[in-house]
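The values are calculated or read from the model by the stated rules, or taken from the named source; none is laboratory data. This structure is a prediction, so every number in the text was calculated from the model and none was measured. As a convention, Cβ positions derive from the backbone with ideal geometry for all residues, glycine included, and neighbour counts pool all protein chains shown. Remember, those area values only see protein heavy atoms, side chains included, never the ligands or the DNA or RNA. Shrake-Rupley method; radii C 1.70, N 1.55, O 1.52, S 1.80 Å.
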Amino acid sequence: MANTLLTTLGTSPYSETVYVFGERKADRTRYVAKALCQLFDIERVIVLLTQEAHDTHWKHLQDCLPPHVEKIAKAIPEGKTEAETWQIFDVLVDSIEANTRLLFDITHAFRSIPVLVLLGAALLRKAKNVNIQGLYYGLYLKDQQETPIIDLTPALRLLDWLTATDKFISTGSALELGQLLDTVQRDFYRQPKLGKRDPKPIRLQNFGQAIRNISRSLELVRPVSLLEDDLLRLQRHSTQELAEEVGQFAKPFGLLLQSIQDSYSQLALPADRATDAKAQVQKQFQLLRWYVEKRFTTQAILLAREWVISALCLCEGLPNYRQREARQEIEHQLGSLIPREDQPQAPPDIAAHVPDVQKLANLWSRLSQYRNDVAHVQMNPNPLNSEALESFVLQDLLPGLEELFPKLTWAEGKLEGDLSTSP
């Protein structure tokens, strides 16, 4: 498939040179655009240039480019003011159609254009599904017969790292970071002529898969998979060899490696307590706290409703808290706490395990209502508004559970002994 080249021209009297890219050489020329047309399959050249640059170079450039190449001039201001800078940005973005295969050349760019090209490339990839084939710069050296063309495409990937980093910091999701690690390793093995003794990435892909699995379990509220599988895999992959490999092949990720390990490892169970039901439920509460801190309202409501049942199963001496029959029995008792007209009932057995049974009844009523409201996505006559749901999660949920179940919401290492609040 043919490519579009977007390039710039200034007013300098460019010297002839032989542009070289890797082992390939172009014919001697003043214009890097001609060399790129020869080195790559270019069918359209879009040139950003001021009026003065147009008068100085445009006709000469047209004459030297291959006849089959479409040549398009786009007028830009000189970029002396902020307003003119944004005009250049608009021209750059508006010049490219959706789904274009695009190469950028910034050899003769001036002032802020290189920065605008980077930002424009990032926007075009997302907004117009533009396939960026490369970002290039001709490194002209006076008195040298040849001029190397430098591949600056990795700078675009740095923007990908920036986006993925922002997503992890704001949401805790490492899906995009994991995909980037996978891409780095795959791209490396696509390179030609790898020597047998050359260092190679062998751990990035597996670690990327590990953090993607964690992110999916977090997003889809899979606490069992998270605790029993995903976090254990993370710990196995977190080695000094991985850190060294990251430093060599994925430097931007090196800034986040420890942060990711710390953020996710806090949710992991110690190996000697992996089968401890009390420790599992306690860690699930830490996961619930993580959801609240990240403002994952839906996930927090879904997990909190199930966590109450799990906590009461343990209080009732039922360590197999995931057993269906046990959970149904606890749900039935919780349902009996919600008063019905003219049908007073004696407190169920679970009332003995909390300091205030009425607060448990109120919390369960709200959790049940909010969970159903979320699950039915407003498909009812009187749905709750999103502000009410978020306010409940951010302000009331954790304090309410901590008051009712203090021994299951303590810090790691303090979950010991009888969980009942009764003497």
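Quick notes on this one:
- The range 68-98 - residue that is under 32 Å from the mean Cα position of the chain (by Cα) and in a loop (DSSP other than H, G, I, E, B) and, of those, nearest to Val130 (Cα to Cα): Ala98
- Pairs where the first residue, in the range 357-368, is farther than 15 Å from Leu389 by Cα and the second is in a helix (DSSP H, G or I) and charged (D, E, K, R), C-beta under 8 Å, 6+ apart: Lys359/Glu403
- Residue in the range 239-253 that is more than 17 Å from the chain's Cα centre (by Cα), under 30 Å from Ala375 (Cβ atoms) and open to solvent by less than 20 Å² (accessible area, probe 1.4 Å) present: no
- Listed by position, the helices (runs of 4 or more DSSP H) contained in the range 224-291 that have at least 3 residues being within 30 Å of Arg327 (Cα to Cα) and not hydrophobic (A, V, I, L, M, F, W, C) form an empty set.
- Odd one out for Arg322 among (1) in contact (Cβ under 8 Å) with a residue 24 or more places away in the chain; (2) open to solvent by less than 40 Å² (accessible area, probe 1.4 Å): (2)
- Residue in the range 27-48 that is within 18 Å of Ile88 (Cβ to Cβ), among the charged types (D, E, K, R) and open to solvent by 60 Å² or more (accessible area, probe 1.4 Å) present: no
- Checking Lys142 against (1) open to solvent by 20 Å² or more (accessible area, probe 1.4 Å); (2) over 25 Å from Gln51 (Cβ atoms); (3) in contact with an Asp or Glu (Cβ under 8 Å, 6 or more places away or on another chain), the condition it does not meet: (3)
- Residue match in the range 133-153 (condition: outside any helix (DSSP H, G or I) and closer than 30 Å to Leu231 by Cα): no
- Residue match in the range 68-75 (condition: in contact with a Ser or Thr (Cβ under 7 Å, 6 or more places away or on another chain), of a type in the set (Val, Ile, Thr) and touching a residue at least 12 places away in the same chain (Cβ under 8 Å)): no
- The range 145-161: number of residues that are open to solvent by less than 70 Å² (accessible area, probe 1.4 Å), in contact (Cβ under 8 Å) with a residue 40 or more places away in the chain and either polar (S, T, N, Q) or more than 22 Å from Leu39 (Cβ to Cβ) (or both): 3
- Some residue of the range 263-281 being closer than 17 Å to Glu403 by Cβ and either more than 37 Å from the chain's Cα centre (by Cα) or open to solvent by 60 Å² or more (accessible area, probe 1.4 Å) (or both): no
- Taking the criterion of being open to solvent by 10 Å² or more (accessible area, probe 1.4 Å), part of a helix (DSSP H, G or I) and under 23 Å from Ala351 (Cβ atoms), the residues of the range 292-319 that qualify are Arg305, Glu306, Leu314, Cys315.
- Any hit, the range 7-15, residues being over 29 Å from Thr85 (Cβ atoms), of a type outside the set (Ser, Thr, Tyr) and in contact (Cβ under 8 Å) with a residue 40 or more places away in the chain: no
- For the range 1-26, the candidate set comprises residues that are touching a Lys or Arg at 6+ places or on another chain (Cβ under 6 Å) and aliphatic (A, V, I, L, M); within that set, the residue that is most open to solvent (accessible area, probe 1.4 Å) is Met1.
- Looking only at the range 377-408, and only at residues there that are touching a residue at least 60 places away in the same chain (Cβ under 8 Å) and in a loop (DSSP other than H, G, I, E, B), the one that is surrounded by the most Cβ atoms within 10 Å (Cβ to Cβ): Phe405
- Verdict on Leu103 being outside any strand (DSSP E or B), open to solvent by less than 70 Å² (accessible area, probe 1.4 Å) and touching a strand residue (DSSP E or B) at 6+ places or on another chain (Cβ under 9 Å): no
- Looking only at the range 350-376, residues that are over 18 Å from Arg327 (Cβ atoms) and part of a loop (DSSP other than H, G, I, E, B) come to 3 in all.
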